[in-house]
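Okay, structure first, notes after.
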Amino acid sequence: MSALPPDGSSSVSSSGFTDGLGTRLLVFDRETGEMLEQLRLRPELSAFERALNDALARATAVEDERFARPRRIERDAEGGLSVVSEFVPGRRLSEALDSAADAGIAAGLDAALGLLLELLPAIASFHDEAGMPHGAVGAGRLLFTPAGQLVLLDGIYAASLERLQLAPARLWRDLGIAAPNADGPVHFDIAADLAQAALAAAA
């Protein structure tokens, strides 16, 4: 599966949206009728089921509405792994950036600082409540709801991404995960989350 950088296109529904983590589909809970998002993970990440389950257990304890809560991890008949999360309607930052570029609009420093003022407290809240880094902060995984609420998606991948032991250039090329330049593999810790937030604001 080819990975798109986080500045690729997206949709309000998210169904069919593909990024470096996998492909997203909308599904319904048969018992409650609730709409959920299923992320079918790319094969490399499917190898880390235990780490993902450990992270999911921590992330489900996060009550901050600025985070889409994961519900469960499923393995299909072909052996692929999917993460099912609550579905949050809204518009990805990456899509807003694409629309602005198409219209010839360049966001200024005020917009970047405004994003950081919302994003950094949200990330700090996640660190406090989940007790782990987010790992995948980026324009394709930042969502603005119709009410204007910032919501972060995909908060359970830090440990799995670190185990891939990829250099920054390959993380970006293959998974669409931004990271500061380094000589060796990236460490996904709190400092990495802050660097990812700064890179998202710089976009």
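When Ile73 is tested against (1) open to solvent by 20 Å² or more (accessible area, probe 1.4 Å); (2) assigned to a strand (DSSP E or B); (3) out of contact with any helix residue (DSSP H, G or I) (no Cβ under 7 Å at 6 or more places or on another chain); (4) not charged (D, E, K, R), exactly one condition is not met: (3). Inside segment 60-74, residues that are over 13 Å from the mean Cα position of the chain (by Cα) and modelled with pLDDT of 90 or more make up a count of 9. Kindly establish whether Ala201 is closer than 16 Å to Pro133 by Cβ and either open to solvent by less than 70 Å² (accessible area, probe 1.4 Å) or without any contact (Cβ under 8 Å) to a residue 12 or more places away in the chain (or both). No, not satisfied.
Quick one: would you say Glu86 is under 16 Å from the mean Cα position of the chain (by Cα), in contact (Cβ under 8 Å) with a residue 60 or more places away in the chain and more than 26 Å from Ala179 (Cβ to Cβ)? No. Here Arg50 meets each of (1) free of Cβ contacts under 8 Å to residues at least 60 places away in the same chain; (2) within 16 Å of Val151 (Cα to Cα) with one exception, condition (2).
Scanning segment 157-177 for residues being among the basic types (Lys, Arg) and closer than 9 Å to Ala136 by Cβ gives a total of 0. Restricting Asp128, Asp174 to those that are open to solvent by 30 Å² or more (accessible area, probe 1.4 Å), more than 14 Å from the chain's Cα centre (by Cα) and in contact (Cβ under 8 Å) with a residue 24 or more places away in the chain reduces the list to Asp174.
The values are calculated or read from the model by the stated rules, or taken from the named source; none is laboratory data. All figures in this text were calculated on a predicted structure; none of them were measured in a lab. Here the Cβ is made from the backbone with ideal geometry for all residues, glycine too, and neighbour counts use every protein chain on show. In case anyone asks, the SASA skips ligands and DNA or RNA and just uses the protein heavy atoms, side chains included. Shrake-Rupley method; radii C 1.70, N 1.55, O 1.52, S 1.80 Å.
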